[in-house]
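Asker: Dropping a structure here in structure tokens format, bear with me for questions.
Every number in this text was worked out from the coordinates using simple rules, so none of it is lab data. Computed from a predicted model, the values in this text were never measured in an experiment. Glycine gets a Cβ as well: all are built from the backbone with ideal geometry, and neighbour counts include every protein chain shown.
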Amino acid sequence: MKEIITKAIKKVTLELIYEVVDERTKSILEVVNEIKRRQEEDFRYLNDKIDTQVNQLRQEMGQLRQEMAQLSQKIDTQIAQLNQKIDSQIAQLNQKIDSQIAQLNQKIDSQIAQLNQRIDTVIQLLIDLKK
């Protein structure tokens, strides 16, 4: 009888232990499942946030590229305008230089002509003196 009671107590004790373990296991699984669910939500949230930020960066990069293209066009236009101004000023300077060279050539030619006349006069005087 003692054995029967001992076996019965052991059996009841084991059943109670199994029930407690089952309940605790269920509780742990619920917590683990809740953690998994939260983790999945967090990952989805983070992925969405990353996607949003990547899209924003792409938009900003596109805008920056457009702005850079516009600035490049403005710079090219300004360089072309400056080149035109420089070319115009070079042409004006060349005209002034050509004009001054022409004036100097005229003066030189005039002075050469005057010198030639003086030389002719001196030669004529020398010829007249020899006679």
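Asker: Treating only the Cβ of Lys, Arg, Asp and Glu as charged (+1, +1, -1, -1), what charge dipole size does segment 1-95 show about its Cα centre? Round to the nearest 20 debye.
Answerer: 320 debye
Asker: Return the FRET efficiency for the residue pair Glu3, Lys26: r is the Cβ-Cβ distance, R0 is 25 Å, and the value is rounded to the nearest 0.05.
Answerer: Numbers: r = 34 Å, r/R0 = 1.36.
According to the calculation, E is roughly 0.15.
Asker: Oh, and also: Along Cα→Cβ, 7 Å out, is where each label goes; now give me the distance between the ones at Glu15 and Ile79 in nm to one decimal.
Answerer: For the pair Glu15/Ile79, the computed spacing is 9.4 nm.
Asker: In whole Hz, with x marking every Gly and Pro, tabulate ³J(HN,Hα) for segment 36-51 from phi via Karplus 6.51 cos²θ - 1.76 cosθ + 1.60, θ = phi - 60°.
Answerer: My calculation for segment 36-51 gives 4, 4, 5, 4, 5, 4, 4, 4, 4, 4, 5, 4, 4, 5, 4, 4 Hz in order.
Asker: Right, next: Counting helices only, and only those DSSP H runs with n ≥ 4, report the 222 nm mean residue ellipticity of the chain as the sum of -39,500 (n - 2.57) divided by its residues, in deg cm²/dmol to the nearest 500.
Answerer: On the way: 1 runs with 129 residues, N = 131.
Value at 222 nm, helices only: -38000 deg cm²/dmol.
Asker: Karplus couplings for segment 115-131 from phi (6.51 cos²θ - 1.76 cosθ + 1.60, θ = phi - 60°), rounded to Hz, Gly and Pro as x?
Answerer: With coefficients 6.51, -1.76 and 1.60, one gets 5, 4, 5, 5, 4, 4, 5, 5, 5, 4, 5, 5, 5, 5, 6, 6, 7 Hz.
Asker: Also, I was wondering about something else. Along the charge dipole of segment 1-90, which of Ser88, Thr25, Phe43 sits closest to the positive end, that is, farthest toward it, with unit charges on the beta carbon of Lys, Arg, Asp and Glu (+1, +1, -1, -1)?
Answerer: Thr25
Asker: Continuing with the same structure: I need the phi-derived Karplus couplings for segment 57-65: 6.51 cos²θ - 1.76 cosθ + 1.60, θ = phi - 60°, integer Hz, Gly and Pro marked x.
Answerer: 4, 4, 5, 5, 5, x, 5, 5, 5
Asker: Here's another thing I want to ask about it. Kindly state, as a whole number, the per residue volume in cubic angstrom of the convex hull around the alpha carbon atoms of segment 1-95. Present the calculation step by step, with values, prior to reporting the outcome.
Answerer: Numbers: hull volume 6.5 nm³, N = 95.
Convex hull of Cα atoms, per residue: 68 Å³.
Asker: Which residue fluctuates the most in the chain, going by a Gaussian network model with Cα springs under 10 Å, if the choices are Asp22, Asp98, Asp51?
Answerer: Looking only at Asp22, Asp98, Asp51, the largest GNM fluctuation is found for Asp22.
Asker: Convex hull over the Cα atoms of segment 66-122, averaged projected area in nm²?
Answerer: On the way: hull surface 14.9 nm².
For the Cα atoms of segment 66-122, the hull's average projected area reads 3.7 nm².
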